[in-house]
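The values are calculated or read from the model by the stated rules, or taken from the named source; none is laboratory data. Predicted model, so just to flag it, every value in this text is computed and none were measured. Please note: Cβ atoms are built from the backbone with ideal geometry, for glycine as well, and neighbour counts cover all protein chains shown.
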Amino acid sequence: MTQSVLTSSLDEYLRYLMDVRQMSEHTINNYRRDLQRFITFLEQQKIRSWDKVDAAHIRFFSAYLKRQNLASKSIQRNLSACRSLFSHLNKEGKCKTNPAQAVSAPKADRKLPGTFDADQINSLLDFTPEEWIEYRDKAIMELFYSSGLRLSELVSLNINDLDLRSGQLVVTGKGQKKRALPIGRHAVSAINAWLEQRPQNADNALFTTQQGQRLQQRSIQQRLKHWATRQGLSGNLHPHKLRHSFASHMLESSSDLRAVQELLGHEDISTTQIYTHLDFQHLAQVYDNAHPRAKRSKK
C-alpha cells in the first residue's frame with residue numbers, strides 16, 4: 001500500500017528530530033503518537049495534503065481531543081507538536097502557512113503540588129542509619145529536600161559535581177542547562193556518611209547500587225515509598241513531593257519568588273508561582289492580626 005503524503009512527511013520530520021535536533025527517543029515517540037493522531041484526524045476529514053489544512057481544522061482537532069477526554073495539558077502538547085511540524089514544513093516548502101499558530105490551546109488546570117510540612121519532613125528524616133543502604137537513602141532524601149532537585153538531576157549526579165567543603169553542587173537540568181545550588185548542612189553530613197559506605201569499585205556516580213552501578217530512577221522511587229511506610233507518613237512519597245516541599249517552605253520563609261525560580265531551574269516564573277500558596281492557618285493568623293474588623297476584643 002502506497003504511503004500517504006501526510007505520513008511520509010511525518011516520517012521525514014521524525015528523522016529530522018532524531019538526526020538534526022538529536023531529541024531523545026522518548027520525546028520522538030511522543031511526537032510520533034501525537035502527530036499520528038493528527039494525521040488520522042485529517043484523513044477522516046478527507047484531507048490529503050498539508051496546504052489544505054487551515055486554522056479551522058486545527059480548532060476542530062482541538063475540540064476532537066477534548067471530546068476524547070484528553071486533559072488540557074495533553075491537548076496543549078498535541079497542538080505544540082502540530083505547530084512544530086508546520087514550522088518544519090514551511091521551511092521545507094511543503095506549505096506556506098502555519099495554521100496551528102493562530103489556535104490557542106485550552107488553559108491547563110494548575111493544581112497545587114502536594115507537600116509535606118516541616119514536621120512531616122523531620123519525621124521522615126529522623127532515623128540513624130545502620131546499614132549501607134540506609135546511609136545512601138538518607139543522603140538521597142536529605143539532598144532532595146535540601147536542594148530541590150528533580151529526580152533525573154539527582155540520578156545523574158557525579159561525585160565531582162559536589163563541593164561538600166563549601167556546601168555547593170552543580171546540577172545539569174532540563175535542556176542540559178547547568179546551575180549551582182547550595183547544599184544544607186544536614187545533607188552535607190548525610191552525604192559524607194554515605195561516601196564512607198559507598199562501594200569502592202563504583203564509578204563516578206554519586207548514588208549507586210551495592211554493586212557500584214549508578215542508581216536508577218525506579219529504584220529511588222521504590223525506596224522513598226519504603227521510607228514513607230517505615231516512618232509512618234500518610235500520603236504518597238515521591239521525589240517531586242520532596243522538591244515541592246522544598247519550594248513551598250522556601251517561599252513561605254523568604255517570599256523571594258525569583259530566588260526560588262533560580263533554585264528550581266524554572267525557565268518561566270509562572271511555573272514557580274504555583275508554589276506561592278500559604279497554609280490556611282498562616283493566612284488566618286495574618287488576617288486576624290491585620291484586618292481592622294477581624295480583630296477580636298479581649299475579654
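Of the residues that sit in the stretch 85-109 and are modelled with pLDDT of 90 or more and among the aliphatic types (A, V, I, L, M), which one is farthest from the chain's Cα centre (by Cα)?
It comes out as Leu89.
For the stretch 7-54, how many residues are within 25 Å of the chain's Cα centre (by Cα) and among the aromatic types (Phe, Trp, Tyr)?
Residues meeting the conditions: 1.
Pick out, from the stretch 172-267, the helices (runs of 4 or more DSSP H) lying fully within it that include 3 or more residues that are touching a His at 6+ places or on another chain (Cβ under 9 Å) and farther than 21 Å from Glu130 by Cβ.
239-254
Give me a count of the residues in the stretch 70-88 that are small (Gly, Ala, Ser) and either crowded, with 17+ Cβ neighbours inside 10 Å or not in a helix (DSSP H, G or I) (or both).
Of the residues in the stretch 70-88, 3 are small (Gly, Ala, Ser) and either crowded, with 17+ Cβ neighbours inside 10 Å or not in a helix (DSSP H, G or I) (or both).
If Asn204 satisfies all but one of (1) surrounded by 15 or more Cβ atoms within 10 Å (Cβ to Cβ); (2) in contact (Cβ under 8 Å) with a residue 24 or more places away in the chain; (3) more than 24 Å from the chain's Cα centre (by Cα), what's the number of the condition it fails?
So the condition that Asn204 fails would be (1).
Could you grab me the full set of residues in the stretch 220-249 that are surrounded by fewer than 20 Cβ atoms within 10 Å (Cβ to Cβ), closer than 13 Å to Phe144 by Cβ and among the polar types (S, T, N, Q)?
Hit for the stretch 220-249 is Gln221, nothing else.
Just to be sure before I move on: is Ala190 at pLDDT 90 or above and either within 16 Å of Phe144 (Cα to Cα) or under 23 Å from the mean Cα position of the chain (by Cα) (or both) in the structure I sent?
Criteria met by Ala190.
Using beta carbons and a limit of 7 Å, which pairs, at least six apart or on different chains, have the first residue in the stretch 52-65 and assigned by TED's automatic domain parsing to the domain that holds Leu35 and the second one surrounded by fewer than 19 Cβ atoms within 10 Å (Cβ to Cβ) and of a type in the set (Phe, Trp, Tyr)?
So the pair list comes out as Phe61/Phe41; Tyr64/Phe41.
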